[in-house]
Structure formats: structure tokens, C-alpha cells
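Notes follow once the structure below has been shown.
The values are calculated or read from the model by the stated rules, or taken from the named source; none is laboratory data. Note that the structure is a prediction, hence the values are computed from the model and not measured. Positions of Cβ are generated from backbone atoms using ideal geometry, with glycine treated the same way; all protein chains shown enter the neighbour counts.
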Amino acid sequence: MSSIYSDYDTMESEESEAEREEKQAKIDFKMVTFSLADRAYGLDIMCVKEISKADRFTMVPNTPFYVEGVYNLRGEIIPIINMRRMFHLEEVERKKGELANILILRIEESIIGVIVDRIENVIGLDSSTIQPRHPLFTDINMKYIHGIVETGDKLYVILDADRIFGDEQGLAEIRQSGQQEHADKETTGGKATEKKEAAVGKKKADNIDQDFLFIKDTLATFAQFYVDETNQAWVEHRLPEWKSMRKAGKENVQLMNPEDALLFLKPFYSACTGRLWDEAQRDGFLSLLSSMKRNSFKVWNPGTGKGSEAFSIAAILRVAYPDARIKVWACDMDLLAISAAPSMSWNKADIPQYMSSSGFMAEATGGGYQFVPALKDLLYFEYHDVRHGSALPDLDIIVARDIISFYDAAEKARLLEYFSDRLSAGGLLVLGDNETVHARGWRRIEGKKIAGYLNEKS
Amino acid sequence: MRVEYINPFVEAAFSVLKEVLRIEIKRGELYLKSVSQPVLGVTAIVGLAGDVEGRVLFDMGEATAIKIASAMNGELMKKFDDLAKATITELANMITAQAVTKLHELGFEFDLTPPAIFTGDNMEVTDTGIEALIVPIEMEFGKIEINVAIREKN
């Protein structure tokens, strides 16, 4: 049983009172105020659809920790988010029969309910009186704060609803920090005797953490390289090496400019980047294919640059599977590089022995060696941005080495989803040597010094 | 979009415009777009069929369109009337046809559909599941954006 009532009417009257109080001021911003852990907050009234009271939410399994459940609002099922839990504030249990105060918000197209401690009233403001956010004011992550305003004798922290609830990124970040906090609690909650050691260890860890966080931020700024679970292991491994290298050269450990970032990332790139694949890389790639029983290979190779990777893949497949149907779509968003790809030629010294003896390369008129037309015909080179959709058919293999690390969390997730969608069931995804996928739906397989991921969709 | 298709369109636009308008023409940086985008007011469209499917849009402001039509007809036009529309349509046809001829020489089979022209304010164009190559062209009459979206038939 639950009851709902909308007290918009009473709010309207309070609103006009508040308005009268500040007669002289220009009022161009109205906020609904509420309290949370004894602090006063406001939300732009434009995103508040209504307010209500309810209890007995239907629990849904496998939802983020801050989701209280779902609720039937006049026939519409809306998610209910517990704001205290979301911002890691201490939770208070409601007394039996006590209804939760809910702000019903409309964010973009969706409607959600947010449980707060108490809903106060509506206050009209002159938006120029809103002060910019200050990091010391509140427990809530700074970037979710629109500003601070003092009205009457109270300070209100105005939250940015679109930022918190609007995009999945905001929610994902909150989710992550929640998990970290849980993990922290578990590790620091050890036995009392271990406490001292733990404290020392923690201080050390903090130091490392700070360097790590700084590097993480600057990599994103200078190289658009986003550190997360797909490549964090490599960055952690690289950091001590980098530090000793920089200290030996009496240089700053931190990345000060794009050149530093490039230098830091130099060992990140996979084997044979920008050149034809050598024997070891060929053997590794073929070892991943041994589990795939196919006689047709449709391959997509995003980020192919000047095409060495795509040509290598086509030639290796052609030699290993002489009777198979092979088609390689290769793309890059660098127009100059990809335009050069179809007529790319190589110096004799840069061509691995197995490739020159395959009969697929011939001396070009302008010097250097090119692939023969019979092999070139297996490839399509496209000027394409992988963030845009494309008209690819169902693929058997995607070779996307060192691509996803250069997209932020949201785009990365979208890309992986796109890979999974385009790849047939059991299809193979090859990422960079230093990239791993933990997302569900990908089964890791080990080959010779190389790992791949099979698409587990049914 | 396949890299082989890019140059024929850029070259055709450049040489046709230069020939019919006889003025200085500059090419801007090429880029890709996939979301809906506003169009400038006068848009000619030519469809492509054959080995591929797609279309080419020629997008410009009305003032630019009138200046181009005036230059092509050798008389000063004040309104964007039927003659002006027919002129812009013909320009779109000439550029696309020349690009398709170049592609034909490279071994690609393309067919053209008859061009059409759209005029109006606050229009936008959306392509779903296909990205468009934008070739911006700058000249003293204003700018033309040539928007090419082609995909392979699978």
C-alpha cells in the first residue's frame, strides 16, 4: 500500500511569499529546496516534475547500489534513487509506516524519483546571486554542483540534476567511487594489530596514487588517452619504469606537455604498429584463429593508419587459407594516412621474409614493393570515424589494436557494444597488446604471446 | 567512405566551379559528420545508385545561390526564381556527373538520379547509419558545403 499526494498547490503559495520577500531582486531562477543530512540543497524547478510521498518500492536485483527500487507512478514505472546512498552519506532507516519524500524529476526524456530527507519549499532567485561552486562546501562531488546561493539566512547548494542523472557517465562515476569505497572499507577494516602497518602502507599508497592520478589526468589531456580497466594494468606497470627513467635524467616525473605524454605512451603501442607484421605477430594472430572453423573471413580493421596492418592481415589470411573468402574493411579518421593506404609501397628491408616469398608483393614502378592487385582487391580502405555508425556486414574478425584506449569511458563502452553487434557469434576481437576487456560477453582466449576475445552472443 | 571516392568529388567540385564561375576558389579542410546538421537554405540533391548507394548534397545560403546563378547566367538576378533554381540544379548535376565520370575511369559503376532542389529556412538533414564527408568550398560569393554520403551495397 502506498499513498501519493502532490502538494504543488501549497508550494505555489510559499513560492509567492518567498517572491514577495525579495521584491526588489530580479527573479529568473526558481529552485525546489530540500534537506539531506542536515544540509540544504536546491534543484532547478524546471527539472522537477512533481513531489510525492511513498514507500514500499519494488526491489530490482542487479541494480546499482543507490537504486532503492522501482515505483509505479500512476501507471508509469520509474526508478527510485536514494540520494543519501548515492552520495555516500550515512543512511537513516525510515520508521515503520513513515513515507519517503520523493522528488520526481524529469531528466531529458526519462522520469526518475529521488528520495531526500525533507522537501522544503520553492525559492525564486536572481541567478546572478548564485556563487560558483567551492570545493570546501559539501560532501558531494564538486562537479555535480551548479552553485551556492545564500537566501534568507540559509546557504543552499544547488545541484546540477542533468549532470548527476542525465548522462550515464555521471551515474557510472558515482557507481565506481561507491565500489572503491566499499573496497576501501574492506581493506582498512582489518584486524587492529594490522592497523599501524596498514596506515604506513596507506600513506605510501597515497603517494603512488597521486602520481598515478596525475598521470591519468594528463594522459587524457595531452594524448586523449583514457586510463581505465582496459589499460590500467599497463599504466601501473609503466609508472615505476617511467619514474626511474625521468629521475635518472633529472626530469620531471609528471607529464608537462603532449611530447611527454607521447614519450610515456611509446611502449604502449602493440608489436608491429605502423609496419608489416613480422613472423611472430603472424604466428600469434594465426594461433588465435585455430579455434575458429571458418572458410570465410570478413575482417574490420579500424585505425589502420597507412594500411600496413590491413595488408598484413589480408596477406596472412590469404596464405593460411588459400580457399577462403576474404574481405578486409580498413578505416582511419586520418584522411592523409588513409588516402595513402591503397597505393602504399614498402622498402625491401621492411618486408618480412614470409611476405616477400608469398608472391603477393611485386616491385612497383616508382620503386619499393607493393601488393599485387589480386591481394589489393581483398581490401576496402575507408575514411571513417569509428564513433559514427557504418554499413558494415556481419564480421568474423575485428582487429582494433590501440584504439579503444583513446576514447573515454562512455565512448569506449559504446564502441565495445558496436564491436559485439557487428561481430558474428564466436567472432574474434583482437585488441592492443596492452589492452584487456572485462565487459561481459567477451571470452578471453590465449594464443602465442597474444590474446583475443571471442564474442559470446547467442 | 572509401578513400577512392573522395578525390573525384573534390576535384570535380573544384574544376567545375572554377570553370563556370571564373573566380578564385578555396577548399576547406575535409571532415566527417554523422549527426543531423542544419542546411543553409538552398540545397540541391543528386542521388547515386549502382555498385553503391548514396547521395550528394550541395548546400549554400540563398545569397550565395543567387550570386552563383547570376554569374552562370551572365545577368544580375535579384530573386531566387525558377531560372536561378534550374541553374543551381544544373551546377549540382555538372559536378556530380564529372565526379561519376572520374569514378567510372577508376572502374566504379555509379548511376545518377535526376537532381532536386530544396529551399527554405531552418531545415536540417539527418542520415541514419551512414556518415557524410563534408567538402567545404569558400569563394567570394560565400560558401558551399558539398556533403557526400555513399555506402557499399553488401
Out of all the residues in region B:129-142, which are away from chain A (no Cβ under 13 Å) and more than 16 Å from the chain's Cα centre (by Cα)?
B:Glu140
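Taking region A:323-362 as the search range and keeping residues that are away from chain B (no Cβ under 14 Å) and assigned to a helix (DSSP H, G or I), which one is surrounded by the most Cβ atoms within 10 Å (Cβ to Cβ)? Break it down into steps so the answer makes sense when it comes.
Here is the first cut: in region A:323-362, the ones away from chain B (no Cβ under 14 Å) are A:323-324, A:326, A:345-362.
Going one step further and asking which of them are assigned to a helix (DSSP H, G or I), we end up with A:348-350, A:353-356.
Values: A:Lys348: 11, A:Ala349: 5, A:Asp350: 12, A:Gln353: 9, A:Tyr354: 16, A:Met355: 24, A:Ser356: 15.
Ranking the qualifying residues of region A:323-362, first place goes to A:Met355.
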So, A:Ala391, is that one of a type in the set (Gly, Ala, Ser), within 30 Å of B:Glu29 (Cα to Cα) and within 14 Å of another protein chain (Cβ to nearest Cβ) or not?
yes
Yes or no: region A:368-382 includes at least one residue that is in contact (Cβ under 8 Å) with a residue 24 or more places away in the chain and more than 21 Å from A:Ile313 (Cα to Cα).
no
Would you confirm whether any residue within region A:298-311 is under 30 Å from the mean Cα position of the chain (by Cα), farther than 29 Å from A:Trp234 by Cα and either free of Cβ contacts under 8 Å to residues at least 40 places away in the same chain or crowded, with 16+ Cβ neighbours inside 10 Å (or both)?
yes
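For residues in region A:396-412 being out of contact with any Asp or Glu (no Cβ under 8 Å at 6 or more places or on another chain) and more than 26 Å from A:Met361 (Cβ to Cβ), which is nearest to the other protein chains (Cβ to nearest Cβ)? Walk me through it before giving the result.
As a first pass, look at region A:396-412 and keep what is out of contact with any Asp or Glu (no Cβ under 8 Å at 6 or more places or on another chain): A:396-398, A:400, A:403, A:406-408, A:411.
In the following step, the residues that additionally are more than 26 Å from A:Met361 (Cβ to Cβ) were identified as A:403, A:406-408, A:411.
Values: A:Ile403: 16, A:Phe406: 16, A:Tyr407: 15, A:Asp408: 18, A:Glu411: 13 Å.
If we take residues in region A:396-412 being out of contact with any Asp or Glu (no Cβ under 8 Å at 6 or more places or on another chain) and more than 26 Å from A:Met361 (Cβ to Cβ), then A:Glu411 is nearest to the other protein chains (Cβ to nearest Cβ).
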Count of region B:1-58 residues which are in contact with a Phe, Trp or Tyr (Cβ under 6 Å, 6 or more places away or on another chain), away from chain A (no Cβ under 13 Å) and farther than 22 Å from B:Glu140 by Cβ:
2
Log entry, pairs with first residue in region A:60-88 being assigned to a strand (DSSP E or B), second being exposed (fewer than 13 other Cβ atoms within 10 Å of the Cβ) and of a type in the set (D, E, K, R), beta carbons closer than 8 Å, six or more apart or on different chains, reads A:Asn82/A:Glu91
Determine, yes or no, whether B:Phe80 is in contact (Cβ under 8 Å) with a residue 60 or more places away in the chain, more than 30 Å from A:Pro373 (Cβ to Cβ) and either crowded, with 17+ Cβ neighbours inside 10 Å or out of contact with any strand residue (DSSP E or B) (no Cβ under 7 Å at 6 or more places or on another chain) (or both).
no
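Counting only residues that are part of a helix (DSSP H, G or I) and under 13 Å from the mean Cα position of the chain (by Cα), how many does region B:16-41 have?
Within region B:16-41, the first condition is being part of a helix (DSSP H, G or I), and the residues that meet it are B:16-21.
Adding the requirement that they be under 13 Å from the mean Cα position of the chain (by Cα) leaves B:16-17.
Result for region B:16-41: 2.
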Leading residue by the ranking (surrounded by the fewest Cβ atoms within 10 Å (Cβ to Cβ)) among those in region A:112-127 that are over 29 Å from the mean Cα position of the chain (by Cα) and assigned to a strand (DSSP E or B):
A:Arg118
Test result for A:Phe57, farther than 21 Å from A:Leu155 by Cα, among the aromatic types (Phe, Trp, Tyr) and in contact with a Gly (Cβ under 9 Å, 6 or more places away or on another chain):
yes
Given the criteria farther than 30 Å from A:Leu395 by Cα, modelled with pLDDT of 90 or more, hydrophobic (A, V, I, L, M, F, W, C) and exposed (fewer than 12 other Cβ atoms within 10 Å of the Cβ), does B:Leu91 qualify?
no
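When you go through A:Glu109, A:Glu98, A:Glu90, A:Glu76 one by one, which is the residue that is touching a Lys or Arg at 6+ places or on another chain (Cβ under 8 Å) and surrounded by fewer than 18 Cβ atoms within 10 Å (Cβ to Cβ)? Let's see the steps before the verdict.
Numbers: A:Glu109 fails: touching a Lys or Arg at 6+ places or on another chain (Cβ under 8 Å); A:Glu98 fails: touching a Lys or Arg at 6+ places or on another chain (Cβ under 8 Å); A:Glu76 fails: touching a Lys or Arg at 6+ places or on another chain (Cβ under 8 Å).
Only one candidate passes the filter, namely A:Glu90.
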Any residue in region B:14-34 that's under 13 Å from B:Ile146 (Cβ atoms): show its pairings with residues that are charged (D, E, K, R) at Cβ separation under 7 Å, as long as the two are six or more apart or on different chains.
B:Phe14/B:Arg27; B:Ile25/B:Lys18; B:Gly28/B:Glu138; B:Lys33/B:Glu131
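Mind checking whether some residue in region B:109-128 is assigned to a helix (DSSP H, G or I) and either touching a residue at least 40 places away in the same chain (Cβ under 8 Å) or within 14 Å of another protein chain (Cβ to nearest Cβ) (or both)? Even if it seems obvious, please write down each step before you answer.
Here is the first cut: in region B:109-128, the residues assigned to a helix (DSSP H, G or I) are none.
No, the conditions are met nowhere in region B:109-128.
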